[in-house]
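A.B. asks: Pasting a structure here, questions to come.
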Amino acid sequence: MVVENPFYNNGRFISPSLNRLYIVDLPGFALVEPYRNQTGYDLLSKRALRQLIFTNRVDLNIKPNGSLNIIDACFESDDLIVRDTAVAVAEEYGRRLGIMLVTLKRGDDINRMARSGWDERHWALWASVNTVWLGGGLVAGHLGQIAAQTAQKLLRAAGYPAYRVQRAENAAHLPLYGLACMASAQTQAMLVADFGHTAVKRGLAVYENGKLAALDLLPPAAVDYQISKEIALSQSAVVTFAEWIVDVLTGTWREFGFGKRPLTSTIGVSMACYLFRGQPPTSEMGLYGRLQLLSDNVQTFLSDRLRTRLAQPVQLRLMHDGSAAALTLPNTEGTVVLMLGTAIGNAFPVFNP
């Protein structure tokens, strides 16, 4: 029996975004005031974690404007205060994650009313979830492991003893591994790229006897900050942004595409944007969503430009980063992958193509 994804109902897209999920209250649950009337983005985004680290910067002994990656070293510091504070930050992040998942599992009316667009089917899907895999740069290190354990403990204390929260293997590069899963049996090598809000992660997937043998990570490319800042202001900036995407892919092909193994003509590309058959839905008007202003099929649009640039019969396979990440997981009901980075992305493996 084919189960229809309620977020893609008869071709109509309903955003599954957890960034817009409001946690108004959890009746009967000891929900402390700082978590009330907060969105998923308020609690778990990169900005939220940065603020949490900034609040504890003195005990962490880090500079106010330091990279988020620096906290991973704090867990192995010789200073007990630094180590304990890092653990406390990770546990707090995990509590926030657990509270969001409890909100989704329970589906209290007060929170349902605050999440516009979702109906009984959408809440029922979230209520069916009993396994969460975490991916994304924010949870790739020690923080992610502790946060996952903390969230799971909170869920079990809330009455869900079978609920599992786990950090995925290769969490930081999960979409790349998912894209690599799409290769045909004859593929020997394939380029893959994950376009996020701050960086483009890239990899060269190598295959033996039709199976992925290795994913060689390539140097990441920084997102052009000036273009991304201007993209909401004019369509010309969207055109420039699209050309920058083609530049990145062209440069990757030319720099890394001539190894010992022939490249397949398909390039796997994921983006931090929900996509429906290679096209951002009309409601997705963020950094990558605005590419829809240029074409009614962004996948075809970018493929055509890349073919012209490379003079090669290449073809992009374009996916949402969460959907790509979900390809690495068992295709089972009750499972969801959360991508925690600049914002929150999510996907259900059972609904992946």
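A.B. asks: Against the definition (crowded, with 18+ Cβ neighbours inside 10 Å and assigned to a loop (DSSP other than H, G, I, E, B)), how does THR187 come out, yes or no?
C.D. replies: On the way: crowded, with 18+ Cβ neighbours inside 10 Å: yes; assigned to a loop (DSSP other than H, G, I, E, B): yes.
In short, yes.
A.B. asks: Regarding segment 26-34, can at least one residue be identified that is under 21 Å from HIS197 (Cα atoms), in contact (Cβ under 8 Å) with a residue 40 or more places away in the chain, crowded, with 18+ Cβ neighbours inside 10 Å and out of contact with any Leu (no Cβ under 7 Å at 6 or more places or on another chain)? Please lay out each step first, then the result.
C.D. replies: Start the filter on segment 26-34 by keeping residues that are under 21 Å from HIS197 (Cα atoms), which leaves none.
So far as segment 26-34 goes, no, none of its residues is under 21 Å from HIS197 (Cα atoms), in contact (Cβ under 8 Å) with a residue 40 or more places away in the chain, crowded, with 18+ Cβ neighbours inside 10 Å and out of contact with any Leu (no Cβ under 7 Å at 6 or more places or on another chain).
A.B. asks: Let me ask something additional. Can you tell me which of TYR177, TYR274 is crowded, with 16+ Cβ neighbours inside 10 Å, modelled with pLDDT of 95 or more and not hydrophobic (A, V, I, L, M, F, W, C)? Steps first, please.
C.D. replies: Working: TYR274 fails: modelled with pLDDT of 95 or more.
Every option except TYR177 fails the conditions.
A.B. asks: Still on this model: I'm checking my understanding of the structure. Among residues of segment 193-230 that are among the β-branched types (Val, Ile, Thr) and in contact with a Ser or Thr (Cβ under 8 Å, 6 or more places away or on another chain), which one is surrounded by the fewest Cβ atoms within 10 Å (Cβ to Cβ)? Quick ask: steps written out before the conclusion?
C.D. replies: Initial filter on segment 193-230 (among the β-branched types (Val, Ile, Thr)): 198, 200, 206, 223, 227.
From what's left, in contact with a Ser or Thr (Cβ under 8 Å, 6 or more places away or on another chain): 198, 223, 227.
Numbers: THR198: 14, VAL223: 21, ILE227: 17.
If we take residues in segment 193-230 being among the β-branched types (Val, Ile, Thr) and in contact with a Ser or Thr (Cβ under 8 Å, 6 or more places away or on another chain), then THR198 is surrounded by the fewest Cβ atoms within 10 Å (Cβ to Cβ).
So that you can scan it fast, the table gives a plain yes or no per residue for (1) within 16 Å of LEU338 (Cβ to Cβ); (2) assigned to a loop (DSSP other than H, G, I, E, B); (3) assigned by TED's automatic domain parsing to the domain that holds PHE75; (4) without any contact (Cβ under 8 Å) to a residue 12 or more places away in the chain:
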residue: ARG121; (1), (2), (3), (4): no, no, yes, no
residue: GLN145; (1), (2), (3), (4): yes, no, yes, no
residue: PRO161; (1), (2), (3), (4): no, yes, yes, yes
residue: GLY178; (1), (2), (3), (4): yes, no, no, no
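A.B. asks: Now for a different question. Condition first: over 19 Å from MET190 (Cβ atoms), assigned by TED's automatic domain parsing to the domain that holds LEU249 and among the basic types (Lys, Arg). Can you find one or more residues in segment 282-302 that meet it? I'd like the intermediate steps shown before the answer.
C.D. replies: The first filter runs over segment 282-302 and keeps only residues over 19 Å from MET190 (Cβ atoms), leaving 282-298, 300-301.
Applying the additional criterion that residues be assigned by TED's automatic domain parsing to the domain that holds LEU249 yields 282-298, 300-301.
Adding the requirement that they be among the basic types (Lys, Arg) leaves 290.
Looking for residues that are over 19 Å from MET190 (Cβ atoms), assigned by TED's automatic domain parsing to the domain that holds LEU249 and among the basic types (Lys, Arg), one finds at least one in segment 282-302, hence yes.
A.B. asks: Would you please name the residue that is farthest from LEU310 (Cα to Cα), looking only at residues in segment 225-266 that are of a type in the set (Phe, Trp, Tyr) and touching a residue at least 40 places away in the same chain (Cβ under 8 Å)? Working first, answer last.
C.D. replies: As a first pass, look at segment 225-266 and keep what is of a type in the set (Phe, Trp, Tyr): 225, 241, 244, 253, 256, 258.
Still in the list and also touching a residue at least 40 places away in the same chain (Cβ under 8 Å): 241, 253, 256.
Values: PHE241: 18, TRP253: 8, PHE256: 13 Å.
Ranking the candidates gives PHE241 first.
A.B. asks: While we're looking at this one, here's another question. Any idea which of LEU310, LEU327, LEU318 is aliphatic (A, V, I, L, M), surrounded by fewer than 20 Cβ atoms within 10 Å (Cβ to Cβ) and either out of contact with any strand residue (DSSP E or B) (no Cβ under 9 Å at 6 or more places or on another chain) or within 17 Å of ALA183 (Cβ to Cβ) (or both)? Can you show your working first?
C.D. replies: On the way: LEU327 fails: surrounded by fewer than 20 Cβ atoms within 10 Å (Cβ to Cβ); LEU318 fails: surrounded by fewer than 20 Cβ atoms within 10 Å (Cβ to Cβ).
From the options LEU310, LEU327, LEU318, the qualifying one is LEU310.
A.B. asks: Of the residues ARG317, ARG305, which single one is in the same structural domain as SER234 (by TED's automatic domain parsing), in contact with an Asp or Glu (Cβ under 8 Å, 6 or more places away or on another chain) and under 20 Å from ILE245 (Cβ atoms)?
C.D. replies: Values: ARG317 fails: in contact with an Asp or Glu (Cβ under 8 Å, 6 or more places away or on another chain).
Just one listed residue meets the conditions, ARG305.
A.B. asks: Could you tell me which of the residues ALA147, ALA157, ALA162, ALA171 is under 21 Å from PHE29 (Cα atoms) and within 18 Å of the chain's Cα centre (by Cα)? Steps first, answer last, please.
C.D. replies: Values: ALA157 fails: within 18 Å of the chain's Cα centre (by Cα); ALA162 fails: within 18 Å of the chain's Cα centre (by Cα); ALA171 fails: under 21 Å from PHE29 (Cα atoms).
When all the criteria are applied, what remains is ALA147.
This table checks each residue for (1) among the acidic types (Asp, Glu); (2) part of a loop (DSSP other than H, G, I, E, B); (3) touching a residue at least 60 places away in the same chain (Cβ under 8 Å); (4) closer than 17 Å to ALA158 by Cβ.
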| residue | (1), (2), (3), (4) |
| --- | --- |
| ARG50 | no, no, no, no |
| VAL58 | no, no, no, no |
| LYS63 | no, yes, no, no |
| ASP78 | yes, yes, no, no |
| THR85 | no, no, no, no |
| GLY94 | no, no, yes, yes |
| GLY98 | no, no, yes, yes |
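A.B. asks: Which residue out of GLY178, GLY257 is small (Gly, Ala, Ser), within 17 Å of the chain's Cα centre (by Cα) and at negative phi? Reasoning before the result, please.
C.D. replies: Numbers: GLY257 fails: within 17 Å of the chain's Cα centre (by Cα).
Residue meeting the stated conditions: GLY178.
A.B. asks: Test LEU104 against the criterion of being in the same structural domain as HIS320 (by TED's automatic domain parsing) and surrounded by 19 or more Cβ atoms within 10 Å (Cβ to Cβ), and give yes or no. Give the steps one after another, and end with the answer.
C.D. replies: Values: in the same structural domain as HIS320 (by TED's automatic domain parsing): no; surrounded by 19 or more Cβ atoms within 10 Å (Cβ to Cβ): yes.
The answer is no for LEU104.
The values are calculated or read from the model by the stated rules, or taken from the named source; none is laboratory data. Quick caveat: nothing in here was measured; it's all calculated off a predicted structure. Cβ sites come from the backbone with ideal geometry, for glycine too, and all protein chains shown count toward neighbours.
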